[in-house]
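What follows draws every value from the coordinates through simple rules; no lab data is involved. Here the structure is a predicted model, which means the values were calculated and not measured. Because the Cβ atoms are built from the backbone with ideal geometry, glycine has one as well, and the counts that use them run over all protein chains shown.
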Amino acid sequence: MDCLDKLRYCGGTIEVAKAFREELGTEKLREYALRMNNSAVIRRLGYLCDYFGVNIELPKPKTRNYILLDPTMPGEGNVDSKWRVIVNVELEGLE
C-alpha cells in the first residue's frame, strides 16, 4: 500500500502494476488499503484491480476531484470516472 501512496519511491505505477501478475491476497490488500484511510491509495488500487480483473470490494470515491494514477508522470491521460483517476501511464502489455 505504501507504494500506491509514495509512487516516487517504488518506481511508479508500472512497478506496482507488475505485482498484479502474481497471485494477490485480495482480502489483505483491501484491509491494508482501508486501514491507511487514504482516498488516493484506495482509488489507485481500485483502478488497477479493475484493469487487471482482480475482484476486490472497495468503497467508491465520494469526491468530485480526480487524482493522477501516477503522480510522478505528466498529468495528461484518459479519465476513469468510476475511480476518479486520470490514467496517465500506459499499462497495456503488463497483463
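Summary of values
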{"item": "Criterion: basic (Lys, Arg) and in contact with an Asp or Glu (Cβ under 7 Å, 6 or more places away or on another chain) - qualifying residue of ARG30, ARG84, ARG43", "result": "ARG30"}
{"item": "Segment 18-55: number of residues that are more than 20 Å from SER81 (Cβ to Cβ), in contact (Cβ under 8 Å) with a residue 24 or more places away in the chain, surrounded by 11 or more Cβ atoms within 10 Å (Cβ to Cβ) and of a type in the set (D, E, K, R)", "result": "2"}
{"item": "Every pair of residues 6+ apart whose Cβ atoms lie under 7 Å, when the first sits in segment 72-89 and is farther than 23 Å from LEU58 by Cα while the second is in a strand (DSSP E or B)", "result": "GLY75/LEU68; GLY75/ILE86; GLY77/ILE86; GLY77/VAL87"}
{"item": "Flag for ASP70 being surrounded by 15 or more Cβ atoms within 10 Å (Cβ to Cβ) and of a type in the set (D, E, K, R)", "result": "yes"}
